[in-house]
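So the structure is just underneath, and the comments pick up after that.
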Amino acid sequence: MLNIVIFGAPGSGKGTQSERIVAKYGINHISTGDVLRAEIKAGTELGVTAKGYIDQGQLLPDELIIDILANTLDSFKESKGVIFDGFPRTIAQAEALKKMLAERGQEVSIMLDLDVPEDELMTRLIKRGLESGRADDNEETIKKRLVVYHSQTAPLIEWYKNDGKYQHIHGSGTMEGIFAEIAEAIDKI
Ligand code: ADP
């Protein structure tokens, strides 16, 4: 089983690199952001709740997102592994993931930290907002998301270092170059 946590600030390229990882290694992909955007589009109760947090650049409550993740995980049959994209985003979520995988006789194989300079993140996200119309990709909300990233999510770097799973990845450069570094790290596991 290849269980990969792809980690990084908003705009670090988690989604783009996840697609490449899925294509090369044939594992399942969970993007909590994509799940929430689908719920919003479908107008579900969860979608309405999620929109409130996302528009403010805030994280959803841990219990809610952990439930969503457990349900998605259970929907995969005969899986070769999973790439977790946008989860965990807090220490409580990392602990829940560890427990969830342990209950299934599994563990995280590697945590890939896509490291991108802050000014580049801002440029990328503003461009994405203009192209995709994603409502949370506007300057004001991006700034809030970066604050949330530094205060609530970045502590996971130390957490995964202590867990022996941390791998730094240079997240700026060409998409191909970044993917080559990722594939090299995965092939070494
Ligand atoms: P990005 O990585 O660019 O911020 P995502 O698509 O991963 O974008 O997430 C968009 C938003 O969805 C987040 O800003 C947050 O509000 C919510 N969200 C996604 N994943 C989680 C999570 N694991 N815990 C709490 N909230 C989440």
Among all the aspartates and glutamates, which ones have a C-alpha under 19 Å from K41's C-alpha, if same-chain residues fewer than 8 places away are not counted? D55, E131, D136, D137
Counting alpha carbon pairs within less than 8 Å and at least 6 residues apart, what relative contact order, in whole percent, applies to the chain? 33 percent
How high is the relative contact order of the stretch 107-189, in percent, with contacts defined as C-alpha pairs under 8 Å that are six or more residues apart? 46 percent
Explain nothing, just compute: Karplus ³J(HN,Hα) = 6.51 cos²θ - 1.76 cosθ + 1.60, θ = phi - 60°, for every residue of the stretch 4-18 in order, whole Hz, x for Gly and Pro. 10, 9, 9, 10, x, 5, x, x, 7, x, 4, x, 4, 6, 4
Dipole magnitude (debye, nearest 20) for the stretch 97-168, charges at Cβ of Lys, Arg, Asp, Glu: 280 debye
To the nearest 20 debye, the chain has a Cα-centred charge dipole, built from +1 on Lys and Arg Cβ and -1 on Asp and Glu Cβ, of 220 debye
Can you find, among L112, I91, F76, the residue sitting farthest towards the positive end of the charge dipole of the stretch 75-133, where Lys and Arg contribute +1 and Asp and Glu -1 at Cβ? F76
Less than 17 Å apart at the alpha-carbon level, and either on another chain or at least 8 residues along: which aspartates and glutamates does that give for K98? D62, E63, D67, D74, D85, E107, E158, D163
Please identify the longest segment of the chain free of exposed GluC sites (Glu not before Pro), where exposed means a DSSP state other than H, G, I, E or B and no more than 13 other Cβ atoms within 10 Å. 108-189
In whole Hz, what ³J(HN,Hα) sequence does the stretch 148-161 give by Karplus (6.51, -1.76, 1.60; θ = phi - 60°), x for Gly and Pro? 4, 4, 5, 7, 9, 9, 4, x, 5, 4, 5, 4, 6, 4
Compute and list, largest first, the equivalent-ellipsoid semi-axes of the stretch 69-132 from the alpha carbon gyration tensor, each √(5λ) rounded to a whole angstrom. 30, 15, 11
If the limit is 21 Å between Cα atoms, which of K14/K143; K99/K188; K51/K143; K24/K77; K127/K161 go over it? K99/K188; K127/K161
In Å³ per residue, the alpha-carbon convex hull of the stretch 1-122 encloses 115 Å³
Calculated FRET value between R128 and E184, using beta carbons and R₀ = 35 Å, to 0.05: 0.85
Using only Cα atoms, locate the centre of the stretch 11-87 and the centre of the stretch 153-189, then give the distance between them in Å, rounded to an integer. 19 Å
So between A92 and D119, what do we pick up on full extension, going 0.36 nm a residue minus the alpha carbon distance? 6.8 nm
With at most 14 other Cβ atoms within 10 Å, longest stretch of the chain clear of loop trypsin sites (Lys or Arg not before Pro) (DSSP): 105-187
The extension gain from D55 to A42, computed as 0.36 nm times the residue separation minus the Cα-Cα distance, is 3.0 nm
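Every read-out reported here was derived from the displayed coordinates using simple, explicitly stated rules and does not represent laboratory data. Everything numeric in this text was worked out from a predicted model, so none of it was measured. Backbone-built Cβ (ideal geometry, glycine too); neighbour counts: all protein chains shown.
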